[in-house]
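Undergrad: Got a structure for you, questions after.
The values are calculated or read from the model by the stated rules, or taken from the named source; none is laboratory data. If you're wondering where the values come from, they're calculated on a predicted model, not measured in any experiment. Here the Cβ positions follow ideal geometry from the backbone for every residue, glycine too, while neighbour counts run over all protein chains shown.
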Amino acid sequence: MDYTNIDELINDFQLMIDDTSYDKDAQIYQLRLLALQGLRELTFDVEQVVRTEQKVVTSNLAISLPSGFVKLLRIGFKNSNNEFVPLGYKSNLSLDANVASQVNDDLYDENNPYYHVDLGKKFGIGGGQNTLGYYRINRNDNAINLSSELAGKTVFMEYISDGTSVSSPQNHIISLAFNAVNDTGIIDGATFRIPSPTDSTKFQAFSVKVSAEVPSLNSKTLWLTPGNGSTTVASRFKELINNGHPDYGISPFNTIITASNVSGSAVVTLTYNDRFVQSSYGVNTNYDLDKHQNKVISREIELIQQGSAARQPRVHKFCEEALRSYIYYKYIQRKRGIPANEKQAAKRAYFNEKRLARARMMNFSKETAMQVSRKAFKQSPKL
């Protein structure tokens, strides 16, 4: 593990206190308060814990800021390549969506100074426009306000946390690409599995029935017909997860899981809602149970968003000694009867450990430096 629980660190700190220590009278509640204060300081200056969250934009064009929010890094959407596509920032976006529109905002209005009917139309509007939408942070209401085109949409945000708030489980997402029904792909009686929605340490197996006739079905049978292509297989599996076999009175597999599938795609994305699936059953997991060469699933696109178990405040191991030094320094800082040179030594020790922790946390390597420098070399005029 890269992290140590705050309570463990405090217990270790107390074990180092003896009768000659200046902090021998420190109470557990004092040490915990100082530990949380120090964790915030180290999070801001050294570790900078980045967390992610998805939010649905409400009808009043706002989303609430997460617990422990300190600074927004970016907000927007993910594209099909799992890359981030940001929204634009607009400083004049209204912080109160309940106020009715009072002026015309139509860019194509002939009275709009940016628009000209004959000469270039929106030629003078300038750059920096964003077709996806805009945002503005509203700290008074502890929210982010968004432009009207984002109403009802789900946006993805990355932000710096104070490091002390308790995190909650995230949606766990897995994508599976299916084969077609043929001699080298899916055959009758094939089996495959997905992580169980009710037990994070187990799997749930599904069986495949390939038949031109109506078979006997249950919620764990994927019914296919001969010649079904991979896109049809994916669509059938999505329906099995979301709707079960409604024509036969069989309910959905489990309401914790939702399945999505882009039309014409052989990939089904499973979302375990607010559910943690253990990472040991994630990356490189074999979801095909067949022992022969036939495969139901052609590939697993693992853990697009890794779930995380709820946890208490914790500190990175690189920052442990810095946090211990902070607790001692802040405890004796305003204590009477403690020599000034001891206070100065404690202050120096904290800042030295903090500097060392920052150096350890840096991941700028020689390879990264070379990659950055080579971006400036081109065999054509710069774009």
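Undergrad: Go through the stretch 28-64 and give me each residue that's basic (K, R), closer than 11 Å to G163 by Cβ and in contact with a strand residue (DSSP E or B) (Cβ under 6 Å, 6 or more places away or on another chain). Break it down stepwise before answering.
TA: Here is the first cut: in the stretch 28-64, the residues basic (K, R) are 32, 40, 51, 55.
Filter again for closer than 11 Å to G163 by Cβ, leaving 40, 51.
Once the filter is applied, which keeps residues that are basic (K, R), closer than 11 Å to G163 by Cβ and in contact with a strand residue (DSSP E or B) (Cβ under 6 Å, 6 or more places away or on another chain), the stretch 28-64 yields only R51.
Undergrad: Please go through the stretch 53-83 and pick out each residue that is surrounded by 14 or more Cβ atoms within 10 Å (Cβ to Cβ), among the hydrophobic types (A, V, I, L, M, F, W, C) and assigned to a strand (DSSP E or B).
TA: Of everything in the stretch 53-83, those that are surrounded by 14 or more Cβ atoms within 10 Å (Cβ to Cβ), among the hydrophobic types (A, V, I, L, M, F, W, C) and assigned to a strand (DSSP E or B) turn out to be A62, I63, F69, V70, L72, L73, I75, F77.
Undergrad: What do you reckon, is R236 touching a strand residue (DSSP E or B) at 6+ places or on another chain (Cβ under 7 Å), surrounded by 15 or more Cβ atoms within 10 Å (Cβ to Cβ), in the same structural domain as I187 (by TED's automatic domain parsing) and modelled with pLDDT under 65? Quick ask: steps written out before the conclusion?
TA: Numbers: touching a strand residue (DSSP E or B) at 6+ places or on another chain (Cβ under 7 Å): yes; surrounded by 15 or more Cβ atoms within 10 Å (Cβ to Cβ): yes; in the same structural domain as I187 (by TED's automatic domain parsing): yes; modelled with pLDDT under 65: no.
So R236 does not fit the description; no.
Undergrad: Please find, among D12, D7, D45, D18, the residue that is assigned to a loop (DSSP other than H, G, I, E, B) and either of a type outside the set (S, T, Y) or touching a Ser or Thr at 6+ places or on another chain (Cβ under 9 Å) (or both).
TA: Details: D12 fails: assigned to a loop (DSSP other than H, G, I, E, B); D7 fails: assigned to a loop (DSSP other than H, G, I, E, B); D45 fails: assigned to a loop (DSSP other than H, G, I, E, B).
Selected residue: D18, the only one of D12, D7, D45, D18 that is assigned to a loop (DSSP other than H, G, I, E, B) and either of a type outside the set (S, T, Y) or touching a Ser or Thr at 6+ places or on another chain (Cβ under 9 Å) (or both).
Undergrad: Among the residues of the stretch 26-42, which ones are free of Cβ contacts under 8 Å to residues at least 60 places away in the same chain and in a loop (DSSP other than H, G, I, E, B)?
TA: In the first step, residues of the stretch 26-42 are kept if they are free of Cβ contacts under 8 Å to residues at least 60 places away in the same chain; the result is 27-29, 32-33.
Scanning the stretch 26-42 gives a single hit, Q27.
Undergrad: Then there's this: Could you figure out which of (1) modelled with pLDDT of 85 or more; (2) assigned to a loop (DSSP other than H, G, I, E, B) isn't true of V208?
TA: So the condition that V208 fails would be (2).
Undergrad: Which ones in the stretch 240-282 are at pLDDT below 70, surrounded by 15 or more Cβ atoms within 10 Å (Cβ to Cβ) and closer than 19 Å to K55 by Cα?
TA: R275, F276
Undergrad: At pLDDT 85 or above, closer than 20 Å to S263 by Cβ, surrounded by fewer than 18 Cβ atoms within 10 Å (Cβ to Cβ) and within 33 Å of the chain's Cα centre (by Cα): does that describe A151?
TA: Details: at pLDDT 85 or above: yes; closer than 20 Å to S263 by Cβ: no; surrounded by fewer than 18 Cβ atoms within 10 Å (Cβ to Cβ): yes; within 33 Å of the chain's Cα centre (by Cα): yes.
Here the answer is no, as A151 does not meet what is asked.
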